[in-house]
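Data first, discussion second: the structure below is written as structure tokens.
Here, each number is a calculation from the coordinates, and none is a lab measurement. Treat the numbers as computed from the prediction; the structure is a model and nothing was measured. For neighbour counting, all protein chains shown are included, and Cβ atoms are generated from backbone atoms with ideal geometry for every residue, glycine included.
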Amino acid sequence: MEIYVYEGDAVHEADRFWKDRSEATKKIFGQGTGWVRRQWVGEDGGAGTPSLFMSLGDDRRVEIMLSPPYAKKIGTEKAIERLLVRIATGLTADD
């Protein structure tokens, strides 16, 4: 698992990367909203990297990613999304 925190100018880069949310699913949890999708579908034909992107205010974005092999061990897409949301729910702007 990886968690990227974007601040300053990097926020604009992250927002630009996640601008197209046509293949993402909106998730509302606690006091936050995130977008879940698979990205970087590899040349190996794998399903890609399950990721959740969320805002922690005007100047901070967070991206949570699970490695494809780890996601495969978790099982269903629903279980993967639940894990991503559980992790995101525990994050605050103070972390």
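Starting from residues that are touching a residue at least 40 places away in the same chain (Cβ under 8 Å) and surrounded by 13 or more Cβ atoms within 10 Å (Cβ to Cβ), keep the ones in segment 57-69 and report whichever is farthest from Asp94 (Cα to Cα).
Going through the qualifying residues, I end up with Leu66.
Hey, among the residues in segment 6-51 that are surrounded by 14 or more Cβ atoms within 10 Å (Cβ to Cβ) and among the β-branched types (Val, Ile, Thr), which one's farthest from the chain's Cα centre (by Cα)?
Result: Val11.
Only residues that are without any contact (Cβ under 8 Å) to a residue 12 or more places away in the chain and assigned to a strand (DSSP E or B): list them for segment 13-43, please.
Residues satisfying the conditions are Lys26, Ile28.
Among the numbered criteria (1) touching a strand residue (DSSP E or B) at 6+ places or on another chain (Cβ under 7 Å); (2) surrounded by fewer than 13 Cβ atoms within 10 Å (Cβ to Cβ); (3) part of a strand (DSSP E or B); (4) of a type outside the set (Ser, Thr, Tyr), which one does Met54 miss?
Going through the list (1) touching a strand residue (DSSP E or B) at 6+ places or on another chain (Cβ under 7 Å); (2) surrounded by fewer than 13 Cβ atoms within 10 Å (Cβ to Cβ); (3) part of a strand (DSSP E or B); (4) of a type outside the set (Ser, Thr, Tyr), Met54 breaks only (2).
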